[in-house]
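Presented below is the structure to which this report refers.
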Amino acid sequence: MTVEAKPVDSKPALLGVRPRLVLASGFMLFLELALIRWTGSNIVHLSYFTNFVLLGSFLGIGLGFLRVGRSRRQPYYSPVVLFALVLVVTLFPVTVDRETEGVLYWTSLSTSGPPAWLILPVIFCAAAAVLMGPAELVGRCFPELPRLEAYRYDLIGSLSGIALFTALSFLSAPPVFWGVIVAAAYLVLLTPRPLSGYIAFVAVPALAVVALLLGETLTAGALWSPYYKVTYKQFEQLGQPVMDIQVNGIPHQQAVPAKARLEWERQYALPYERATAAPDDVLIVGAGSGTDVAIALTKGAKRIDAVEIDPKLRELGGTYHPDHPYSDPRVTTYVTDGRAYLEGTSKKYDLILFALPDSLTLVSGASSLRLESYLFTEQAMRAAREHLKPGGAFSMYNYYRETWLVGRLAQTMNNAFGHTPCVDIVSAAGQQAVITAGFTPAGQRCASAWQPVAGTPAPAIDDRPFLYMKDRTIPPLYLITLSLILIVSLLAVRVVAGPFQRMRPYADLFLLGVAFLLLETKSVTGFALLFGTTWVVNAIVFAGVLIAVLAAVEVTRRFRTPPLPVMYGVLLGGLVLAWLVPNAWLLSLPVPVRAVAAVFVAFLPIFAANVVFAKRFTDTADATSAFGANLLGAVLGGCLEYLALVIGYQGLLIVAGLIYVAAFALLPRVTGASQSIV
């Protein structure tokens, strides 16, 4: 039996309930994405903990729904907290040390700003408070509509928010445009009653946020790629023109004339010295601003395929590199993910280079997956070998920082190529190394043979692509942080929503939220492997998940669906199918067929899970408490996501399956009018 609540605020709103719900929902998701993107570009801790803001957002959204009915006041606190957050981050940007308790960071050269133990809790709590406001506005619309109709418009709004943010990313719009959209949404959605409070707590802080972001845009001179805030400066070094590029405030790479680079750093010449074949056809993954491409041209390459994931780095190289390598007719550029390129091309090369392909960010929606993670697995090395000509060679170089990391990569290459690679330690201080393997042993000439060292970590694999995690464990830093997140979340729910008894009838919906977040993570990481870790793939996957959820809602609204035990059976069957279908088989398929198969395998359990949720949600007595409980479950799901560091991404399917079984066991067993539940 469905019990509808009275509207929370009887005063007339500026918009009707349906457009207000769509606008508020779209604003909520847009604000969440903008916070993740902007804070990560200024607080480097968040480049490696992107789901930290995500978890804070989930908490805030859940709390916003739970606040519905407890207060008639407009959530004027949201723009005020947002202004305070933007002000703090603007005044105190942070870089991070390279290594912290088993987590290897990559290119930070200094530590500045507040310590992690101080700034991260501030960011988490502020994100929760900011998102609680829009969520409260969304939640106030739910009692005014039938359950699934409200959920339907919520999903449509969420899709609109993703589409808008994706469009701005495509246009490389700086954050000031994000701020203008956020300010406009606040001004429209928050009712100006009383006017003095509206001006003081909505208009002023919202416009102040725009002013701060405008100041950042004008003073930083930054280019905003879909991945980074990119800044650059040009100067002379030892009589040579240099363009120094920083991303998110950290030195990342330099565009230097090829002749000077070869003189200054020996590692750039070693791949050509270790390979035996003439480098006629060369593939460079991580081409960046073009120095590696310029070096290949000086070494006599006749055809070069340059792969770079970040369009702004490629743009800077094309415009400002002293050698103008991208203007050479021998060079063809591909702005895409390196692993996706290897899996999609049929070309063969004399030399394949992984030229310092390191990132400073994670794939959005995946707690530990970096942009380059799938490049350094054993399967990726095998894919590189398959694209070598007989006599060709594969080489990678970087500042690996740790001896064990050089050993892991050498062992990975040994496994993939079937023979010992060349390992040249150029500088022991920073473990600057070059690792090279020929298609056969005859395709390489080593100065000295590599010797395996006892205790070297096993190679990374596609299911556990965590190259920089030495041990198969969850680092203490993560465990402490996640424990604190859960404690803060429990306290916040108790303070905002009152006794937990209010949500006790919806324990199964809470578990559905936990498991769904794990399913979403598995989908994001799976599609990143199959089609690339690019922002486009990521946006499409998130939109696809929402479309699958919307389809489940529409099917439940319009058609008679099987009872919940049957749908749980379909859901568990979908999880078994996803477990049984190996990624290696999907990667072997042509891209169009791979796309169809991957969508079916990934979205079948997502669709079934949301039919289950929609049917259960329809019969709840308190829509906002039920929905809030489900959203709060996503916080725990985001924490459990870190289990992938130990059990791999396939293992998350088992965890999700067990949680769904528990959710089924907690279904309320009722009869009569609500018999459709069981």
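The values are calculated or read from the model by the stated rules, or taken from the named source; none is laboratory data. Keep in mind that what you see is a predicted model, and the values were worked out from it rather than measured. Note: ideal-geometry Cβ built from the backbone for every residue, glycine included; neighbour counts use all protein chains shown. Accessible surface is based on the protein model in full, side chains and every heavy atom, while ligands, DNA and RNA are left aside. Shrake-Rupley method; radii C 1.70, N 1.55, O 1.52, S 1.80 Å.
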Considering only protein heavy atoms, what is the solvent-accessible area of residue 67 at a probe of 1.4 Å, reported in Å² to the nearest 10?
60 Å²
Multiply the residue separation of residue 576 and residue 669 by 0.36 nm, subtract the distance between their alpha-carbon atoms, and state the gained length in nm to one decimal.
30.8 nm
Estimated distance in nm for a label pair at residue 167 and residue 218, the labels positioned 7 Å out from Cα along Cα-to-Cβ
2.7 nm
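So what's the projected area for segment 566-624, the Cα convex hull averaged over all directions, in nm²? Let's see the in-between values first.
Values: hull surface 20.1 nm².
Across all orientations, segment 566-624 yields a mean hull projection of 5.0 nm².
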At 1.4 Å probe radius, can you tell me the per residue accessible area of the chain in Å²?
37 Å²
Here D for segment 540-651, in µm²/s, from Stokes-Einstein with a Kirkwood Rh over Cα pairs at 10 °C and 1.306 mPa s, works out to 101 µm²/s
Determine how large the accessible area of residue 33 is when every protein chain is in place; take a 1.4 Å probe and give Å² rounded to the nearest 10.
40 Å²
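For the chain, what is the mean residue ellipticity at 222 nm derived from helices alone (per DSSP H run of n ≥ 4: -39500 (n - 2.57); sum divided by total residues; nearest 500 deg cm²/dmol)?
On the way: 24 runs with 371 residues, N = 678.
Mean residue ellipticity, 222 nm, calculated: -18000 deg cm²/dmol.
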Quick test of your reading: applying the under-4.7 Å Cβ rule, which cysteines of the chain are isolated?
125, 141, 639
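Tell me, what is the FRET efficiency for residue 661 and residue 234 to the nearest 0.05, using R0 = 45 angstrom and their Cβ-Cβ distance as r?
0.15
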So for each of 449-461, 162-174 I average, over its residues, the number of other beta carbons within 10 Å; can you give me the resulting order with the highest mean first?
162-174, 449-461
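How long are the semi-axes of the equivalent ellipsoid of segment 55-98, taking √(5λ) for every eigenvalue λ of the Cα gyration tensor, in whole Å from largest down? Write out the running numbers ahead of the final one.
On the way: eigenvalues 168, 45, 4 Å².
Calculated on Cα positions only, the semi-axes equal 29, 15, 4 Å.
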Assign one of three labels to segment 206-250, namely rounded, prolate or oblate, based on the Cα gyration tensor with a ≥ b ≥ c the square roots of its eigenvalues; rounded applies when a/c is under 1.5, prolate when it is not and a/b is larger than b/c, and oblate otherwise.
prolate
How big is the Kirkwood radius of segment 440-544, worked out from every pair of different alpha carbons and given in Å to one decimal?
18.9 Å
Calculated diffusion of segment 379-525, Stokes-Einstein form, Kirkwood radius summed over Cα pairs, 4 °C and 1.567 mPa s, µm²/s
68 µm²/s
Residue 506 accessible area, nearest 10 Å², 1.4 Å probe?
20 Å²
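Taking 20 Å as the cut-off for C-alpha to C-alpha distance, list the pairs among 347/389; 259/347; 302/347; 312/347; 302/348; 233/299 that go past it.
Values: 347/389 9 Å; 259/347 29 Å; 302/347 14 Å; 312/347 26 Å; 302/348 14 Å; 233/299 28 Å.
Too far apart for the 20 Å limit: 259/347; 312/347; 233/299.
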What do you reckon, how do 177, 142 stack up by accessible area (1.4 Å probe), largest on top?
177, 142
Restricting to Cα atoms and excluding each atom paired with itself, what does the Kirkwood estimate give for segment 112-231 in Å?
16.9 Å
Cross-link reach from residue 615 to lysines, straight Cα distance under 28 Å and at least 8 residues apart if same chain, gives 6, 522
Cα centroid distance between segment 331-347 and segment 537-581, in Å?
32 Å
With each pseudo-label sitting 7 Å past Cα toward Cβ, what's the residue 600-residue 584 distance in nm, one decimal?
2.2 nm
What is the extension gain from residue 448 to residue 254, computed as 0.36 nm multiplied by their sequence separation minus the C-alpha to C-alpha distance, in nm to one decimal?
66.8 nm
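First obtain the Kirkwood hydrodynamic radius of segment 19-94 from its Cα pairs, then insert it into the Stokes-Einstein equation at 4 °C and 1.567 mPa s, and state the resulting D in µm² per second as a whole number. Numbers along the way, then the final one.
Values: Rh = 13.7 Å.
Stokes-Einstein gives a translational diffusion coefficient of 95 µm²/s.
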Whole-number value, in Å³ per residue, for the convex hull of the alpha carbons of the chain is 145 Å³
